[in-house]
Amino acid sequence: MARLVLSTAEGQQTIELRPTNSIGRHPSNTIQLLDRIVSKEHCIVELRADGYWLRDLGSLNGTYINNERVRGEQPLKHGDEIIMGSTRARFDDGRGFSVGDGFQPPPPAWQPPGVPGPGAASPQPGAAAPSPVSGDQYVPTTPGARQQPAIAGVPRPPGQFGTAAFPLQTPGGGAAAAAAAAMAQAQALASSRIDVQDQQRAIGTQIAARQKGFLPFDQVAAEPGQLRADYERLRLSHELSREIALERDTSTLLSKILQSIFKFVRADRGVIFLKSDETGNLEPRTSLRRDGSETAIVVSSTILNHVQNERAAVLTHDAAMDFAASKGKSMILNRISSAIVVPLLHNEEVLGVLWLDAESLAQFQPKDLEIVTGVAAQASMFIENNALAKKIEREIVTRERFSRLVSPNIADRIANGELEVKKGGELVKECTVFNSDIRGFTRMSDHTAPEIIVEMLNEYFEHMVETLFKYEGTLDKFMGDGLMALWGAPVVHPDDPIRAVQCGLEMLKVLEEFNKGRTTSTLPPLSIGIGIHTGPLVAGYIGSSKSLSYTVIGDTANTSARLCSHAAGGQIIVSETAQARLGGRFEYEELPPAKLKGKEKPMRIFNIKKAAPLVQVPAEIDEKTGVNL
């Protein structure tokens with residue numbers, strides 16, 4: 001069984017290696033090093049077909065094998081010395097260490113001065129103890145060894161295992177020298193400890209990170225690693241903005257986001273989930289593989305729920321192990337080894353989740369999480385902008401639809417939420433109902449082609465509705481050649497009956513101009529009759545949950561329709577209740593009482609001739625200034 005024999009201030013520890021071993025300062029690692037110089041995710045030791053390999057994860061202070069810094073990854077040989085920060089280790093491929101290898105079997109802990117360790121040679125007079133670490137440079141312990149520079153201002157440990165944990169078998173050495181070296185090493189490793197994470201780890205132990213802000217330059221000037229990371233985030237932000245900022249189609253936008261991420265992160269697959277407006281649940285909106293193909297990707301609901309609930313990102317190097325306590329079986333079944341899962345947040349609201357995974361263990365590095373978190377923040381802004389644009393488009397469509405039914409000012413009030421659109425009706429104590437239709441339309445239709453009739457009606461109604469909206473009436477419906485309109489619902493004006501009559505008079509004038517064009521084209525002129533009645537009724541939105549229509553129900557609406565049927569071409573017939581509210585604004589004549597269907601007694605009716613002339617009252621004029629008083 002392959003092992004790592006690690007040396008710290010607290011002693012030595014032998015760890016049997018798994019097929020994949022993550023090493024670092026964070027508790028999510030299988031081997032946790034409580035060493036302030038070690039990165040949170042420092043390196044990976046994994047078994048391959050040709051043996052164990054070590055892969056550095058972009059650690060700030062680096063990983064060293066036999067005093068040579070690892071660039072990317074490197075195979076391990078029996079007896080290799082590994083240095084990570086202030087922590088050192090020896091790789092044992094299973095053969096163990098012997099005197100012939102230049103090592104003694106490591107004792108359980110370093111021995112105090114004067115107490116020889118097991119198998120240690122007797123002290124030799126005049127023997128020099130190995131050089132301790134001092135200042136910020138690495139001092140070799142063997143003649144001719146290469147001088148190593150300091151890393152980020154941190155003291156480097158010696159390159160030989162000259163400690164009590166691994167006593168050197170050198171001439172003139174011994175237990176006392178080893179003990180002295182151990183004490184020096186203890187000082188250098190005062191903040192280092194090893195924890196092997198063998199227990200199943202719940203989601204709470206995962207790396208959870210929010211988007212970091214940019215620190216002032218003077219705070220990061222001495223940290224080239226942070227400067228590189230910040231530069232990468234800025235570069236990616238620029239690339240992303242250039243490629244997707246103007247995209248307005250949400251599906252295309254999401255695909256472009258994934259394609260951009262694949263350029264910077266070595267993910268095999270990616271999925272973007274967005275919250276459903278109807279259910280509030282996460283729904284997959286786009287999924288891509290690295291080669292650009294679209295395919296179904298099964299992900300873990302365990303991780304998704306955690307990211308959504310905690311509003312924090314997750315980076316896992318070994319999903320099956322990290323989420324074993326949460327019974328994340330889907331991660332094993334779907335070969336999810338490494339994953340970065342980041343919430344899409346806008347003002348702390350979760351818009352969705354960005355999922356990236358890979359089939360290789362420890363595929364992602366902490367800097368990948370930084371990049372993806374930055375992309376997610378920017379993507380959230382673009383997604384929210386698209387959602388707002390869609391909302392505006394829907395409001396425009398809604399306003400346009402209402403504008404075809406009511407005057408523009410009423411449509412604005414409905415679209416702005418000042419007037420509520422909901423199924424149900426309410427009693428309106430007083431509403432003026434307007435009906436008009438074309439005289440002789442049935443006879444005209446019998447002798448004219450249907451397409452010509454439709455064209456004529458559309459042109460006629462265009463003029464009539466424009467006049468109706470001019471007086472802020474509400475269009476209720478078209479009925480063949482007839483038109484029904486309301487004043488007093490859903491918006492009330494103090495002069496609604498007057499507006500209805502004024503609208504009728506102007507419609508007659510507009511129709512005269514319309515007929516001139518028809519006469520020129522040798523078409524028969526149109527003539528309409530109008531009926532107006534004022535009274536109580538029920539008004540509201542009637543229909544299904546998918547299609548509502550604003551209308552009125554009651555005797556007032558029926559009476560208006562009966563008056564319209566009684567009116568001759570060019571007549572505006574109003575009821576007694578409507579006439580009483582006109583206040584002498586129009587010239588009229590009373591007609592014989594009309595017997596209307598559904599009425600027990602004949603009704604008094606009036607024919608509106610024209611608007612009454614306005615009476616000009618002379619104003620008093622100041623003799624000195626000439627200004628009206």
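The values are calculated or read from the model by the stated rules, or taken from the named source; none is laboratory data. No experiment lies behind these values; they were computed from the predicted model shown. Note that we place each Cβ from the backbone using ideal geometry, even for glycine, and neighbour counts take in every protein chain shown. We work out accessible area using only protein heavy atoms, side chains counted, and drop any ligands, DNA or RNA first. Shrake-Rupley method; radii C 1.70, N 1.55, O 1.52, S 1.80 Å.
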Report task. May I ask you to verify whether Lys275 is open to solvent by 30 Å² or more (accessible area, probe 1.4 Å) and in contact with a helix residue (DSSP H, G or I) (Cβ under 6 Å, 6 or more places away or on another chain)? Result -> no
Query raised in the report: Would you say Ser549 is polar (S, T, N, Q), in contact (Cβ under 8 Å) with a residue 40 or more places away in the chain, surrounded by fewer than 18 Cβ atoms within 10 Å (Cβ to Cβ) and in contact with a Gly (Cβ under 6 Å, 6 or more places away or on another chain)?
Result: yes
Query raised in the report: Taking the stated definitions as given, is Arg439 open to solvent by 30 Å² or more (accessible area, probe 1.4 Å), in contact (Cβ under 8 Å) with a residue 24 or more places away in the chain and either touching a Ser or Thr at 6+ places or on another chain (Cβ under 9 Å) or farther than 14 Å from Leu483 by Cβ (or both)?
Result: yes
Query raised in the report: Quick one: is Glu576 over 60 Å from the mean Cα position of the chain (by Cα) and modelled with pLDDT of 95 or more?
Result: yes
Query raised in the report: How many residues are open to solvent by less than 20 Å² (accessible area, probe 1.4 Å), outside any loop (DSSP other than H, G, I, E, B), farther than 17 Å from Phe364 by Cα and at pLDDT 90 or above if we restrict to segment 1-36?
Result: 4
Query - Close pairs (8 angstrom Cβ cut-off, 6 or more residues apart or separate chains): open to solvent by less than 100 Å² (accessible area, probe 1.4 Å) in segment 447-463, polar (S, T, N, Q) and outside any loop (DSSP other than H, G, I, E, B) anywhere - result: Ile453/Ser445
Report task. Check Ile303, Ile332 and return the single one that is modelled with pLDDT of 75 or more and in a helix (DSSP H, G or I). Result -> Ile303
Query raised in the report: Which residue pairs have Cβ atoms under 7 Å apart, sit 6 or more places apart or on different chains, and have a first residue in segment 591-606 that is closer than 17 Å to Thr556 by Cβ and a second that is exposed (fewer than 12 other Cβ atoms within 10 Å of the Cβ) and not charged (D, E, K, R)?
Result: Ala594/Pro602
Requested in this report: Out of Gly473, Gly488, Gly482, Gly504, report the one residue that is open to solvent by less than 40 Å² (accessible area, probe 1.4 Å) and more than 52 Å from the chain's Cα centre (by Cα).
Outcome: Gly504
**Report entry** Of all residues making up segment 563-579, the number that are under 15 Å from Lys595 (Cβ atoms) and crowded, with 22+ Cβ neighbours inside 10 Å
**Finding:** 4
Query raised in the report: Can you pull out the residues in segment 229-270 that are open to solvent by less than 50 Å² (accessible area, probe 1.4 Å), within 19 Å of Ala387 (Cα to Cα) and modelled with pLDDT of 75 or more?
Result: Thr250, Leu253, Leu254, Ser255, Ile257, Leu258
Query raised in the report: With segment 41-108 as the region, which strands (runs of 3 or more DSSP E) entirely inside it contain at least 1 residues that are modelled with pLDDT of 90 or more and within 16 Å of Asn29 (Cβ to Cβ)?
Result: 43-48, 51-56, 63-65, 81-84, 87-92
**Report entry** Candidate set: segment 80-96, residues that are within 14 Å of Met1 (Cα to Cα) and free of Cβ contacts under 8 Å to residues at least 60 places away in the same chain; chosen: the one most open to solvent (accessible area, probe 1.4 Å)
**Finding:** Arg95
Query raised in the report: Mind checking which residues of segment 39-53 are open to solvent by less than 10 Å² (accessible area, probe 1.4 Å) and within 35 Å of the chain's Cα centre (by Cα)?
Result: Glu41, His42, Cys43, Ile44
**Report entry** Contacts under 7 angstrom Cβ, first residue in segment 277-301 being of a type in the set (Asp, Glu), partner part of a strand (DSSP E or B) and open to solvent by less than 50 Å² (accessible area, probe 1.4 Å), 6 or more apart
**Finding:** Glu283/Phe273; Glu283/Leu274; Glu294/Ser287; Glu294/Leu288
Query raised in the report: Quick one: would you say Asn386 is polar (S, T, N, Q), under 18 Å from the mean Cα position of the chain (by Cα) and either at pLDDT 85 or above or open to solvent by 10 Å² or more (accessible area, probe 1.4 Å) (or both)?
Result: no
Report summary line: Pro494 vs (1) modelled with pLDDT of 90 or more; (2) open to solvent by less than 10 Å² (accessible area, probe 1.4 Å); (3) assigned to a loop (DSSP other than H, G, I, E, B); (4) not charged (D, E, K, R): all pass except (2)
Report task. Would you mind stating whether Asp56 is without any contact (Cβ under 8 Å) to a residue 24 or more places away in the chain and either under 27 Å from Val265 (Cα atoms) or open to solvent by 20 Å² or more (accessible area, probe 1.4 Å) (or both)? Result -> yes
Report summary line: Counted residues in segment 592-621 being open to solvent by 50 Å² or more (accessible area, probe 1.4 Å) and at pLDDT below 90 come to 15
